[in-house]
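Engineer: Next up is a structure, given as structure tokens.
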Amino acid sequence: MSFSYDFPPYRPPSEAFSMLLRVTRGCPWNKCTFCSMYKMIRFERRKVDEIKRDIDTAYSIYGKAIPRVFIGDSNSLIIKTKDFQDVLLYLYKKFPNLERVTSYARAKTLFKKPIDELKILRKAGLTRLHIGLETGDAELLAEIKKGATPKEMIEGVKKAKQAGFETSVYLLLGIGGNEKWQSHAKGSAYVLNKMDPDFIRVRTLIPQPYSPIYDQMEKGEFVLASPETVLKEEYMIIERLNVHSLYLSDHVSNYLSVEGKLPEDKKRMLSSIKEVLDRLKEDEELKRNFEMKRYLRNL
Ligand code: SF4
């Protein structure tokens, strides 16, 4: 028997065991300088009938016992609310045991979308949104062409929370390079404090081929932050955080796995970074291991 099914090419690590469903292809923005994910894909909205056929295919393989679904690609909320609602209702009809249905969402799209439409999607069963902040520093956000200001980022996430979504916000360590790490840290802590999301997830910048920042680095226009700078930056961010979030380092790009519930675990998280910063001064092997990580490709 042969099946036709269109998979989203990317999903967060926390969705490793989720069924994957695709409502769009590519990224409608596609300009962020650090991102190589969808640079080769032309953006398209998939037809609702086509998506429903994929749901039928998944049902014929798994039966009705699916507990989790992740919906791609990069910004599913860009499709018409009516269409998304239709897809979600069909999904729950086929898989009545669903506990979690999540998607990537751009903060700018959340900022623009009327709260009533967000509530419709939440009511139809979309439960959690994965949102890329990367940095809270206004200048840096413009430089990396993220397409949203700190104010729009904050308002977008607040609106999603108000509509009842769980929010998972992504922070990109090292995006300020060696020069702007302090403004990156201060701006990011400020914005995250205003957002107070359910999850803060950190990744560390390792420029990937086909991303503009990789070309800038190759030309010497961007100097990658050293492991020590990245750790100092992370220390400064956590020190300034005043949130009630679960802080997670669930990605291979990170030098350290710093995790905990804030504010309760703040002290322990900070001392684990401090300990490694102290070791870095004399441990040559640790330095070499961290250096090797900077050249990981195809993340
Ligand atoms: S980071 Fe997200 S919004 Fe930016 S280009 Fe990549 S997929 Fe699109």
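The values are calculated or read from the model by the stated rules, or taken from the named source; none is laboratory data. Since the structure is predicted, the reported quantities are computational estimates derived from the model, not experimental observations. So basically every Cβ, Gly included, is an ideal-geometry build from the backbone, and we count neighbours across all protein chains shown.
Engineer: So, in the range 175-189, exactly how many residues are surrounded by 18 or more Cβ atoms within 10 Å (Cβ to Cβ) and on the phi < 0 side of the Ramachandran plot? Explain how you work it out, then say what you get.
Structural biologist: Within the range 175-189, the subset surrounded by 18 or more Cβ atoms within 10 Å (Cβ to Cβ) is 175-177, 180-181, 184-185, 187-189.
If we keep only those that are on the phi < 0 side of the Ramachandran plot too, we end up with 175-176, 180-181, 184-185, 187-189.
Looking only at that region, the number is 9.
Engineer: Could you grab me the full set of residues in the range 36-62 that are more than 16 Å from the ligand (Cβ to nearest atom) and touching a Pro at 6+ places or on another chain (Cβ under 8 Å)?
Structural biologist: Initially, the range 36-62 is screened for residues more than 16 Å from the ligand (Cβ to nearest atom), giving 46-62.
Hits for the range 36-62: nothing passes.
Engineer: Restrict the check to the range 106-122 and report whether at least one residue is under 22 Å from F199 (Cβ atoms), at pLDDT below 95 and assigned to a loop (DSSP other than H, G, I, E, B). Show your work before the answer.
Structural biologist: Step one: of the range 106-122, the residues under 22 Å from F199 (Cβ atoms) are 106-111, 113, 115, 118-119, 121-122.
In the following step, the residues that additionally are at pLDDT below 95 were identified as none.
No, because not a single residue in the range 106-122 is under 22 Å from F199 (Cβ atoms), at pLDDT below 95 and assigned to a loop (DSSP other than H, G, I, E, B).
Engineer: What pairs come out if I take residues in the range 69-80 that are under 14 Å from K112 (Cβ atoms) and pair them with residues that are charged (D, E, K, R) and crowded, with 24+ Cβ neighbours inside 10 Å whose C-beta lies under 9 Å away, six or more apart or interchain?
Structural biologist: N75/R106; L77/R106; I78/R106
Engineer: Still on this structure, I have one more. Looking at N97 and the list (1) within 16 Å of the ligand (Cβ to nearest atom); (2) farther than 18 Å from F165 by Cα, which single condition is not satisfied?
Structural biologist: Failing condition for N97: (1).
Engineer: Could you check how many residues of the range 3-35 are away from the ligand (no atom under 16 Å from the Cβ), touching a residue at least 60 places away in the same chain (Cβ under 8 Å) and among the acidic types (D, E)?
Structural biologist: Looking only at that region, the number is 0.
Engineer: A further question follows. Being crowded, with 20+ Cβ neighbours inside 10 Å and of a type outside the set (V, I, T) is true for just one of F111, F70. Which residue is that?
Structural biologist: Step by step, each of F111, F70 is checked, and only F70 is crowded, with 20+ Cβ neighbours inside 10 Å and of a type outside the set (V, I, T).
Engineer: Same structure, new question: So which of E134, E117 is more than 22 Å from V243 (Cβ to Cβ), in contact (Cβ under 8 Å) with a residue 12 or more places away in the chain and among the acidic types (D, E)? Walk me through it before giving the result.
Structural biologist: Values: E134 fails: more than 22 Å from V243 (Cβ to Cβ).
Selected residue: E117, the only one of E134, E117 that is more than 22 Å from V243 (Cβ to Cβ), in contact (Cβ under 8 Å) with a residue 12 or more places away in the chain and among the acidic types (D, E).
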